[in-house]
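Each remark here refers to the structure printed beneath this line.
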Amino acid sequence: MKGTVPPSRDGILAATARGAGWVMAWRMMTRLLGLLSTLILVRLLPPGEFGLVALATAFALALDVCVSIGVEDQIVRSHDPRPELYDTAFTLNVLRCLLLAVLIAVAAVPAAGFFGDARLAPILFALAASAAATGLTNVGIADFRRHLSFEKEFHLQFLPRVVGIVVTVAGAWLLGSHWALVLGILVNRLGLVVASHWLHPYRPRLSLTAWRELAGVSVWSWANSLATVVRDRADSFVIGRVLSPARLGVYAVGAEVAVLPTTEMVDPICRACMPGFAAALRHGDPVMLENAYLRIVALTALLTIPAGFGISLVAGPVVALAFGPAWVEAVPVVRILGVACTLTLFGGVSAAMLNARVALRTLLGVTVTAATVRVVLLVLLTRPYGLTGAGLAVGLAVMAEHLLLVGLALRALRMPLGRFLAQLRRPVIATAVMAAVLWWTGLGWAPAPDTAAAAAPLLLAGVALGAAVFVAVLALCWLAMGRPVGAEADMTALIRRIAGRFPRLRGRASLARES
């Protein structure tokens, strides 16, 4: 942006930390509400209803990817985006959403016949209407990411999510059917459209003046979006077809629990760091980009690696306590995907860096390869091994994809593998010791307890012991190496910075009371 001072080498890390903090706050607050609603819904609705909506959600979540054809990212990357660029981006989104709505409506009846459940068709018709409405979202909100104003994104996402959850829970209580889940999705999407125009003053017009500037990027982004849909929804389609909607419901709940500790950190960080990487590229400082990449990976590895292994280790008590014995088949899914998803941090940050460099063909190749591997493994492993085979298939595909992304990022940065791995030594050692101690004490990877009363003390003991062991081993390793500059030092500085704000906040509150 014109007139701004180039960021320091610590600037991207600080901006990413602030942005990720806002996005993480939004996700954690809404996830907590979502988890609470899930705990209520599993007692109001049977697994079959969840499985049916999981099939429909495969289309609903696909909208989040398909309606984003990369035009917003191009605004974020641009040195000086002009109004024509915003208007063209808005128009392309409108056209894309209308086309998507037509495709979903046309596919509704055949999809219902394919999965053998006529109730799926009206759900898809409702989602088609939602897709058309989504195209009216104000493209001006891309400025929130471009200017790293993630606190505005917090306000944009939070209220529609809360309203959607309230509608879902109330609908489940009143209707007692899958339509409660569908209504929640529709309300959330329409709320986002309204909030986008309320929070940003830009008023887009229909125009294709800047289509040449967006055409090349949009085609590759759109293709990557379609490949992403196939990759992410393959498990729902294969499990729903090979097994049953009821067992798909069990898998969906298990997968949501497994990815919760990592995605709640990885997704906000990746969303925040892509604009930061783009800023470093605009200022032409490759050293800044390399340092930011390594420091972001190292800092967040302190949280995601133990979190992913942690949820895997205590999967039995978590499922037994939260969902009850009817959902015990989800335990192996949580165990497998919890470990596999620890790699999504490294792949996600690598993908954000490649996206900032407009390496869209490379990202498309990775996504197509990952989608193919996932579908093949699901077909081979789901029928003979059930949900355990499905979890193993998805876990292996996720690990392969994100290792490939890391390799491509290191090649683009011309960075040796040893320099990358050096950032992860201490958290990997601490996590390995944590896992060994929990397994040795019988608290890790143990069978699911029969009752919630038996699960609660096991879960509390496992979490407390695991956290204590991880922090102790990590601190000992850091001190033994002479307190080197790295993730631990960054985390300590970040904690001190946050803690230092509390006295100022208390001082402001005192002044306000005195006045």
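Here, each number is a calculation from the coordinates, and none is a lab measurement. Small disclaimer: the values here were computed from a predicted structure and weren't measured. Here Cβ is always computed from backbone atoms with ideal geometry, including for glycine, and neighbour counts include all displayed protein chains.
The local environment of LEU378, defined by Cβ-Cβ distances under 15 Å, has a net charge of +3 under the rule Lys, Arg +1 and Asp, Glu -1.
Here the extension length gained between LEU99 and LEU460 equals 125.0 nm, from 0.36 nm per residue of separation less the Cα-Cα distance. Each peptide in 243-250, 174-181 receives the mean, over its residues, of other Cβ atoms within 10 Å, and ordering these scores from highest gives 243-250, 174-181.
Would you please classify the overall shape of the range 104-160 from the alpha carbon gyration tensor, given that a ≥ b ≥ c denote the square roots of the eigenvalues, rounded means a/c under 1.5, and beyond that prolate means a/b larger than b/c while oblate covers the rest? It is prolate, given that a/c is not under 1.5 and a/b is the larger ratio.
Sorting the segments 400-411, 470-481 by their mean number of nearby beta carbons within 10 angstrom, highest to lowest, gives 400-411, 470-481. Peptides 101-107, 151-157 ordered by packing proxy, namely the average of other Cβ atoms within 10 Å per residue, highest first: 151-157, 101-107. Fully extending the segment from ARG496 to ARG205, taken as 0.36 nm per residue of separation minus the present Cα-Cα distance, adds 100.1 nm. A simple spin-label model places the labels of LEU396 and VAL379 1.5 nm from each other, with each point 7 Å out along Cα-to-Cβ.
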